[in-house]
Amino acid sequence: MEPWEKFYREKQVERTLESLKKNRFEAIYVPDAKQAAEEVMARIPDGATVGIGGSVTLGQIGILEGLKGRKIQLIWPIQQAKNEEERMELIRKTFSSDIFLTSTNAITEDGKLFNIDATGNRVGAMFIGPKQVIVVSGVNKIVKDLDEAEKKVREWTAPQNAKRLGRKTPCTETGLCSDCNAPDRICNIYVTLAKKPIRTNILIILVGEDLGI
């Protein structure tokens with residue numbers, strides 16, 4: 001990274017962390033994926049029930065494999081369910097987990113989290129149910145404001161996620177959002193966390209790397 005790029009990124013991270021804290025979120029910065037994983041693991045006590053929300057980022061930092069060796073009750077619907085009925089049952093259990101791990105689609109410089117979801121289980125558990133939510137995000141997900149957040153997620157994140165998940169939507173053919181009405185559409189639920197929810201503690205770990213989509 002060039003010195004001027006490093007300068008800009010550092011100032012952007014400073015602004016974002018300050019704004020997140022003003023909005024009553026707990027927020028910290030770590031320089032790389034390794035330290036992000038260590039930070040997450042340190043906050044999970046033995047015996048805890050840990051729910052997992054769909055996230056490319058969590059896989060990239062290695063935390064998902066690391067959790068398999070811990071003395072915890074892991075609830076990971078996308079990996080553990082054998083059918084749709086089991087998946088829904090596991091999803092319901094994530095809402096009563098001690099700790100819920102996920103990422104976010106975008107973080108604004110004024111301290112808001114923005115997400116678009118297909119079914120809502122990931123975004124729902126981010127603000128009600130679990131005792132503690134830990135959100136891990138690469139600095140590449142920082143955007144200026146909510147308008148830029150929605151544009152990023154609809155035009156960049158969602159088509160790639162739809163392709164990754166094998167969805168039958170127009171964007172998986174064209175790479176462009178057409179605000180479709182396809183049954184497989186993943187852009188069904190738009191959620192903004194503007195401030196810390198009253199009954200849910202949220203920690204945002206900003207990682208000084210490009211992670212996720």
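The values are calculated or read from the model by the stated rules, or taken from the named source; none is laboratory data. Values in this document were obtained by computation on a predicted structure and should not be read as measured data. Don't worry about glycine lacking a Cβ; one is built from the backbone with ideal geometry, like all the others, and counts go over all protein chains shown.
When E18, E5, E14, E39 are screened for being at pLDDT below 95 and outside any loop (DSSP other than H, G, I, E, B), only E5 passes. Put simply, of L20, L74, L64 the only residue that is under 29 Å from L165 (Cβ atoms), touching a residue at least 12 places away in the same chain (Cβ under 8 Å) and over 16 Å from the mean Cα position of the chain (by Cα) is L74. Restricting attention to region 152-183, the residues being farther than 18 Å from V123 by Cα and without any contact (Cβ under 8 Å) to a residue 40 or more places away in the chain number 21. Residue count for region 112-150 satisfying the condition of being touching a strand residue (DSSP E or B) at 6+ places or on another chain (Cβ under 8 Å), of a type outside the set (A, V, I, L, M, F, W, C) and within 21 Å of S19 (Cα to Cα): 10. Just to be sure, is I28 within 24 Å of I116 (Cα to Cα), surrounded by fewer than 17 Cβ atoms within 10 Å (Cβ to Cβ) and in contact with a strand residue (DSSP E or B) (Cβ under 7 Å, 6 or more places away or on another chain)? Taking the combined requirement at face value, the residue satisfies it. Close Cβ contacts (under 6 Å, 6 or more residues apart or on different chains) running from residues in region 88-105 that are β-branched (V, I, T) to residues that are outside any strand (DSSP E or B) comprise I91/P77; I91/N121; T94/A125; I99/I44; I99/A48; T102/G53; T102/S55; T102/R122. Looking at V207, V143, just one residue is closer than 27 Å to V40 by Cβ, without any contact (Cβ under 8 Å) to a residue 40 or more places away in the chain and not charged (D, E, K, R), and that residue is V143. Restricting R122, R167 to residues that are touching an Asp or Glu at 6+ places or on another chain (Cβ under 7 Å), basic (K, R) and within 21 Å of I52 (Cβ to Cβ) narrows the list to R167. Exactly one residue out of Q73, Q60 is polar (S, T, N, Q), surrounded by 15 or more Cβ atoms within 10 Å (Cβ to Cβ) and either over 19 Å from G129 (Cβ atoms) or in contact with a strand residue (DSSP E or B) (Cβ under 9 Å, 6 or more places away or on another chain) (or both), and it is Q60.
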